[in-house]
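Structure, as structure tokens:
The values are calculated or read from the model by the stated rules, or taken from the named source; none is laboratory data. Remember, predicted model here, so these are calculated numbers, not experimental data. Here the Cβ is made from the backbone with ideal geometry for all residues, glycine too, and neighbour counts use every protein chain on show. When the accessible area is computed, the model is the full protein with side chains, heavy atoms only, and any ligands, DNA or RNA have been set aside. Shrake-Rupley method; radii C 1.70, N 1.55, O 1.52, S 1.80 Å.
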Amino acid sequence: MSRVADLSTLPKPEPTRGAPANRPRGSGARHVDHRSRAQTRVRWELLRNLIRKDLKVKYKGSSLGFAWSLANPLLLLAVYTFVFQVVLKSGIDNFGFYLMSGLLVWNAFSGSVSAACGAVVGNANLVKKVRFPLLVLPLSAVGFSAVHFALQLAVLFVVMLGFGYSLLGPELLLLIPAGAVALLFTVALSVLVSALNVRYRDTQHLLDVALLAWFWINPMVYAFGLIENRLNEWTWVYMLNPMAVVVTTFQRAIYDPPEGNSTGSAPILADLGYRYYLEHLAIAGLISLAVLWLGLRVFRRLQADFAEDL
Amino acid sequence: MPSQPLAPPPMQPAQPAAVVPSAPPAPGAPVVIRAAGVGKKFVAYHKRATSLKERFVRRDTTSGEDFWALRDIDVEIGRGQTVGLAGANGSGKSTLLKVLAGILRPTHGSVSVSGRIASLLELGAGFNGELSGRDNVYLNASLLGLSKREIDRLFDSIVDFSELRHKIDDEVKHYSSGQYVRLGFAVAVHVDPDVLLVDEVLAVGDEAFQRKCLAKIAQFRDEGRTILFVTHSLDLIENMCDRILVLESGGLIFDGQPVVGTKLLRQRLGSLPADSPIPFDLAPVKPTAVAFSRNPGGPTEVQYDPGEQLTVSVELDLTDSAPQYVYLHVEIMGQGEIPIWMMETPPGGVSPGPGTAVVDFVVPRLPELLGAFAINVRVSDAATGQPVTVRRFEELFGVSGPQVAGLLKVDYEARLRR
Ligand SMILES: Nc1ncnc2c1ncn2[C@@H]1O[C@H](COP(=O)(O)OP(=O)(O)O)[C@@H](O)[C@H]1O
Ligand SMILES: [Mg+2]
């Protein structure tokens, strides 16, 4: 090609492959960012602003909407108590409280993974026009769900205390490690699917189906003992699912089992001590870290092409 | 040569180092934007696996039409330069800005930009219509990398610049499109960038707003920030920029003085007549080509310094019915189609005879000029004075005078008088 660039003005630059200040997104997943503390703070502020935006947009002008989303677990509580305790006679004492103690954290998990999946695709215009740390997109979806979850949990506690339920005890402290593992695993999976969904748009559909099935391999509407009776020494396989560990720990922390921890045929809680949970949480935490490592890798690999793929 | 306004001018300088006057980074000014060998390929959409199902079920190896939006771009921009980026639609301007901004990854080559970048690829990108102007200012500014404290400090200034104080608490969806971009621009320019990358965002908004934006860009320029902006207004480039980059089909076809680049671009875009209105094919004497060299018959060169010798060679094609004595009148055309000087054959003309012939005009010492110049050739019958044909050539030669701007170098003194 004959080029008029022969009129080019400048001495040909030596191709510089040094450390450019402005790397394209994701190129060199490994590059150590010498970012100052101020910059890190700015990123947290951005994350907070995005979460606040989501909350504001969702509940704008309707404090009723907000109230509804908090009342939602109460409604579930009433319906499930009726269905399982009165109609189906599940045999689990205070079935509603048992269910809610596991269901809230599951809903937060599945809601945020599902929302995070669409987080990058849904902000296509932003991604194509502005350079900013893209990881905040899935993280803000997680943050949004986390805020909801915390409020719903508080509502549940108020109701339980209102019913004179014995809630307060040292076992509540289990919520801290369980919440941490839940957050870690949710972030890990959210980051992974948000990136995959940009390249493979059917990720969202597959994920939604998977979450429906996944719901049932957590002991939420049935007693943990049913699984244990069936799987016996293979129960550990069931517990490789970090959410199953999180759910059982939440139940141990919140739910107060009847005398003997039994539905008659099967124990309700996985264990009455603490150690069992802490050990399983440690394993779940390691699994979550592995997923997080994978998720960040995939995200960093794919993010350089987000603007092009969208 | 028949007119081919879009074909690259047939210049093949023997020395590739020929250089048109330009404003390279002032010696010592650090390079802040650097692109080396940058190419960007877009893969045809249908070629990419876009679902997990396809990814695992079908191994697609069909070679679709990949598209190179940028080819082999080498650019260095020094601190404080104001550079215009021009080219036809689809020539890759936005793609280049996105690559420099780090939004797109170049397929090959490397890019580096130092300092804080503000890229105005679209004003108000990321605004949420459901939120108030105030909330959007905070959100947008934090996307652009400002901390809350900085935004608090700048908020009033942003609102004042946008002239939207009365609407700042209204939802943005109720803003007019002009108000929307005003707020977007106001936020973007408060990022306090070292490097400003601006796409064609100034085309929107009313005239008053455009003027305000340009004033802001001019202020940035005067503050010594580095600016690269896309515009279709060639006048704007001539007025505001030190330098122009011209893209065509993803390639950088010109990098240098704005006046030269805009002229080239006008020709490429066909807004300057590339040919004479007189039916050229019927003329018995046709100027078929011009060439520039130092010595008659020497290798073609396009770049000269003042004081050097220049030979303008006009190639003629004569039919049997050509007049015996041919008179040539050659005009050297500057920017804006202003004739700079004129050269002609002796009044009696020359007698080339049928066939082809070359007439050389030798300029022993070029004056102190700055710019790129084109050639206009008029042919007439020397005996009768009848005009035969006129032809305007696209080929340019450049003269790089010692001055940084202006066509002429003029000696002067600056004196203070009280
Ligand atoms: N994401 C993309 N995928 C495929 N082709 C693209 C994409 N973005 C731009 N292009 C193509 O690249 C070319 C250059 O586009 P662009 O840089 O927007 O041109 P300009 O800004 O100079 O008008 C166009 O032909 C356009 O269709
Ligand atoms: Mg464009």
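Numbers at a glance
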item: Pick from region B:63-74, criterion more than 16 Å from ligand 2 (Cβ to nearest atom) and within 19 Å of the chain's Cα centre (by Cα), ranking: least open to solvent (accessible area, probe 1.4 Å); result: B:Asp74
item: Complete set of residues in region A:57-92 that are out of contact with any Ser or Thr (no Cβ under 7 Å at 6 or more places or on another chain) and assigned to a loop (DSSP other than H, G, I, E, B); result: A:Lys60, A:Gly61, A:Ser62, A:Leu88, A:Lys89, A:Ser90
item: Looking only at region B:93-126, and only at residues there that are within 16 Å of ligand 2 (Cβ to nearest atom) and under 30 Å from A:Lys56 (Cα atoms), the one that is most open to solvent (accessible area, probe 1.4 Å); result: B:Glu122
item: Residue match in region B:246-264 (condition: over 30 Å from B:Glu337 (Cβ atoms) and either within 16 Å of ligand 2 (Cβ to nearest atom) or crowded, with 22+ Cβ neighbours inside 10 Å (or both)); result: no
item: Sole residue being open to solvent by 40 Å² or more (accessible area, probe 1.4 Å), in contact (Cβ under 8 Å) with a residue 24 or more places away in the chain and not assigned by TED's automatic domain parsing to the domain that holds B:Gln267, chosen from B:Glu308, B:Glu344, B:Glu331, B:Glu301; result: B:Glu308
item: Residue among B:Gly78, B:Gly129 that alone is away from ligand 1 (no atom under 15 Å from the Cβ) and open to solvent by less than 10 Å² (accessible area, probe 1.4 Å); result: B:Gly78
item: Strands (runs of 3 or more DSSP E) wholly inside region B:75-131 that include at least 2 residues being within 11 Å of chain A (Cβ to nearest Cβ) and under 22 Å from the mean Cα position of the chain (by Cα); result: B:108-113, B:117-120
item: Matching residues, region A:246-270, being touching a residue at least 12 places away in the same chain (Cβ under 8 Å) and surrounded by fewer than 16 Cβ atoms within 10 Å (Cβ to Cβ); result: A:Pro258, A:Gly264, A:Ser265
item: Residues of region B:110-140 classified as farther than 30 Å from B:Arg71 by Cα and among the polar types (S, T, N, Q), total; result: 4
item: Qualifying residue in region B:33-40 (condition: modelled with pLDDT of 90 or more, within 9 Å of chain A (Cβ to nearest Cβ), buried (at least 18 other Cβ atoms within 10 Å of the Cβ) and in contact with a Gly (Cβ under 7 Å, 6 or more places away or on another chain)); result: yes
item: Qualifying residues in region A:271-283 (those that are open to solvent by less than 50 Å² (accessible area, probe 1.4 Å) and of a type in the set (Phe, Trp, Tyr)) - the one nearest to ligand 1 (Cβ to nearest atom); result: A:Tyr277
item: Positions within region A:265-299 being at pLDDT 95 or above and of a type in the set (Lys, Arg), in sequence order; result: A:Arg297
item: Leading residue by the ranking (most open to solvent (accessible area, probe 1.4 Å)) among those in region A:93-129 that are modelled with pLDDT of 90 or more and part of a loop (DSSP other than H, G, I, E, B); result: A:Asn123
item: Conditions (1) more than 14 Å from chain A (Cβ to nearest Cβ); (2) among the aliphatic types (A, V, I, L, M); (3) within 16 Å of ligand 1 (Cβ to nearest atom): number failed by B:Leu247; result: (1)
item: Subset tally (residues that are open to solvent by 90 Å² or more (accessible area, probe 1.4 Å), in a loop (DSSP other than H, G, I, E, B) and more than 27 Å from B:Val260 (Cα to Cα)) for region B:385-418; result: 7
item: Number of positions in region B:173-212 that are more than 30 Å from B:Val31 (Cβ to Cβ) and of a type in the set (Val, Ile, Thr); result: 2
item: Residues of region A:284-310 classified as assigned to a helix (DSSP H, G or I) and either touching a Ser or Thr at 6+ places or on another chain (Cβ under 9 Å) or buried (at least 16 other Cβ atoms within 10 Å of the Cβ) (or both), total; result: 17
item: Which numbered condition B:Gly90 misses (of (1) surrounded by 22 or more Cβ atoms within 10 Å (Cβ to Cβ); (2) within 15 Å of ligand 1 (Cβ to nearest atom)); result: (1)
item: Candidate set: region B:218-238, residues that are more than 16 Å from ligand 1 (Cβ to nearest atom), open to solvent by less than 20 Å² (accessible area, probe 1.4 Å) and touching a residue at least 40 places away in the same chain (Cβ under 8 Å); chosen: the one farthest from the other protein chains (Cβ to nearest Cβ); result: B:Ile227
